[in-house]
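Comments concern the structure below.
The values are calculated or read from the model by the stated rules, or taken from the named source; none is laboratory data. Keep in mind that what you see is a predicted model, and the values were worked out from it rather than measured. Every residue, glycine among them, receives a Cβ derived from its backbone with ideal geometry; neighbour counts consider all protein chains shown.
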Protein chains: 2
Amino acid sequence: MSATKLKDIASALGLSYSTVSRALKDNYRISEETRNRVKAYADKIKYKPNLAAQSLRNNRTRSIGVLVSNISNSFFSEVLDGIESIGYEKNYQVMITQSLESPENELKQMENLISRSVDGLLVSLCSTSNSVELLKETHLSGTPVVFFDRISALFETHKVVADNCGGSYNLTKHLLENGYKKIAHITSSPELSIAIERLEGYKKALAEYNVPFDEELVKHCLHGGMLIEETEKAVDELLKLEKSPDAIMTASDRITINTITILHNKNIAIPEKIAVAGFSNFSAPQIIAPPLTTIRQPAFEMGKMAAELLIRLIESKKPVDAFEKIILETELVVRKSTIRKR
Amino acid sequence: MSATKLKDIASALGLSYSTVSRALKDNYRISEETRNRVKAYADKIKYKPNLAAQSLRNNRTRSIGVLVSNISNSFFSEVLDGIESIGYEKNYQVMITQSLESPENELKQMENLISRSVDGLLVSLCSTSNSVELLKETHLSGTPVVFFDRISALFETHKVVADNCGGSYNLTKHLLENGYKKIAHITSSPELSIAIERLEGYKKALAEYNVPFDEELVKHCLHGGMLIEETEKAVDELLKLEKSPDAIMTASDRITINTITILHNKNIAIPEKIAVAGFSNFSAPQIIAPPLTTIRQPAFEMGKMAAELLIRLIESKKPVDAFEKIILETELVVRKSTIRKR
DNA sequence: CTGAAAGCGCTTACAG
DNA sequence: CTGAAAGCGCTTACAG
């Protein structure tokens, strides 16, 4: 490792290392001249302070911990991209962990991050999370926590979310306006905040168009589509209904892809037999067959906002009095032929 | 933060804190009984050692640094998933950074990671990298470096790569066997190891089938398809050729998606007019139109192998004498109708 | 404006 | 088998 220490600079320059330390971090009563000499020399030899020593001393690590459900999920990988971009800009190291939808993993990862003394936490909960107590403690002990995407009703804190209700309202409305009557909804675990909100938007649109809500048309994939079998079961059940649906509104990337794959495999024509439209952030909705009408979430933006908010909280001197909740608009992208136009 | 320290345990148990420290980390001459008492108590109060203090003392951080081109690229996000899974298993924190294909970013990120005293580095270089000197130094100073995916000819070290040459050979051969004669190849920057290897496999297959290699049929996207314009230019140039190609073999995810999107937009039928097949790890090749024949790289596996190798190097007592190079097989996935069958 | 000293929480060589 | 002490590289209250 780079072996230069404060001491080396000090002895090279004939100063005490307290002076060097102070010169390097400005805002202290140090003569202009000394400061410049020190800085010039430090630059020259590319001095890098030992972060471990600084952390130990300052009780700050300039790092933030992130917990997502799954790194390789396209929505989350975009969020992470956004978080990293802010981390880089503000010089915070980002430590990424995943729960893989297991509450045990989640808790362990969270404890890991906390034992690494991260300065703050960015969290998207798994569906059956039991980490809320730990997060509360952490928050109380002065390490800020910002939730994004999947939040908890059990813990009031800062939040950055997409307008899930509005998004699913718009998408459902779009289907209704194009003449669909029996719109099914395949979504993830009913305990997830995002699932609850998306269901709400769906119901709201139905009500507005006087379409009675039918419990049987709503199906849950408890693992959010991580297992194709659960989506398969959902689709099968829908197809078996007396009056099977004429459209399916899907609530996530994986569920959307699964649903289309399954319908393809069953040779059920989209959109002639059943229309599909859904939440999706995956890379290429325009080239799938048929081009898919989607609600796109501002994932990159969400990561950026959440990271910015967190860093602001970390760096604010005075304790933050009120919790912020940032709601980001979703975008309805209508693509030809995914649903029959009226 | 959890305020329990060694000292607290020591005073609670009436021991010196050196004894507590030793009891906690086994393999030392400590009586069975004391050890158990200490461990039981530590468990009870959920003692977590202060990582910063340990790092400072041990010059080890139990963390590994990762550099990829772009987190949200589906190939890399799968690799990261694999790396994280091993990090979790072996209790190493993973610090992820991205170069965004900028050599300046790359260098700065690398310096960041090194100044955080990571125990090892997992690197996929950007196409015009100038970080190799720094990496050499790092490696010499005892911090192991493992390259994956995109490697450098300038620096002999441990490597984990896909069989790019074999993959592109297989894919090209598949096209040739199905009667295509003028096969174009759109690939990324000619300086990238993966691009060189894929070009090689392409040439090898052509030679085997006595198809003369034609320079004009090879196009480079210097940003690896991050800008759709560069792929558009490549496709345009190919279409303008006297005898325009009957198939395009694409060398990466983004280039594949771009190419299909562009051909769609130009209303050029795939595969009737031009067949497309390419390297791709994106989530749903089966539902794109038409279902795409791809070479799939074992991305998750690559991340796992690279992380395992790195951690083995970190933990090996004796310096490693020989560099390992692990080559992972790629998988040709033939899907209906992406190319006309003979 | 600058220096000497204490201390952050650990680990480990040195005694006993 | 256990303890007292030094030291990892910083920062900062205390003197001057």
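Note on the range B:101-220: enclosed helices (runs of 4 or more DSSP H) holding 2 or more residues that are touching a Pro at 6+ places or on another chain (Cβ under 9 Å) are B:193-208.
Scanning the range B:201-238 for residues that are among the small types (Gly, Ala, Ser), under 30 Å from residue B:102 (Cβ atoms) and out of contact with any Lys or Arg (no Cβ under 7 Å at 6 or more places or on another chain) gives a single hit, B:201.
Flag set for residue A:262, criterion: outside any loop (DSSP other than H, G, I, E, B), surrounded by 15 or more Cβ atoms within 10 Å (Cβ to Cβ) and at pLDDT below 95. Of the candidates A:81, A:43, the single residue that is surrounded by fewer than 22 Cβ atoms within 10 Å (Cβ to Cβ), away from DNA strand D (no atom under 11 Å from the Cβ) and facing chain B (nearest Cβ under 8 Å) is A:81. With respect to the conditions (1) in contact with a Leu (Cβ under 7 Å, 6 or more places away or on another chain); (2) within 16 Å of DNA strand D (Cβ to nearest atom), residue A:71 falls short on a single one, namely (2).
The rows are residues; the columns are (1) at pLDDT below 85; (2) assigned to a helix (DSSP H, G or I); (3) farther than 30 Å from residue A:101 by Cβ.
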{"position": "A:3", "(1), (2), (3)": "yes, no, yes"}
{"position": "A:36", "(1), (2), (3)": "yes, yes, yes"}
{"position": "A:40", "(1), (2), (3)": "no, yes, yes"}
{"position": "A:54", "(1), (2), (3)": "no, yes, yes"}
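Selection of first residues in the range B:175-204 that are over 14 Å from residue B:255 (Cβ atoms) and of second residues that are in a loop (DSSP other than H, G, I, E, B) and among the hydroxyl-bearing types (Ser, Thr, Tyr), restricted to Cβ pairs under 6 Å at least 6 apart or on distinct chains, gives the following pairs, ordered by first then second residue: B:176/B:209; B:191/B:127. Residues in the range A:51-60 that are in contact with a helix residue (DSSP H, G or I) (Cβ under 8 Å, 6 or more places away or on another chain) and more than 7 Å from chain B (Cβ to nearest Cβ): A:60 only.
When B:226, B:249 are checked against the criterion of being more than 10 Å from every other protein chain (Cβ to nearest Cβ), among the hydrophobic types (A, V, I, L, M, F, W, C) and buried (at least 21 other Cβ atoms within 10 Å of the Cβ), B:249 stands alone in meeting it. Kindly indicate whether any position in the range A:107-114 is polar (S, T, N, Q), free of Cβ contacts under 8 Å to residues at least 12 places away in the same chain and within 14 Å of another protein chain (Cβ to nearest Cβ). No, because not a single residue in the range A:107-114 is polar (S, T, N, Q), free of Cβ contacts under 8 Å to residues at least 12 places away in the same chain and within 14 Å of another protein chain (Cβ to nearest Cβ).
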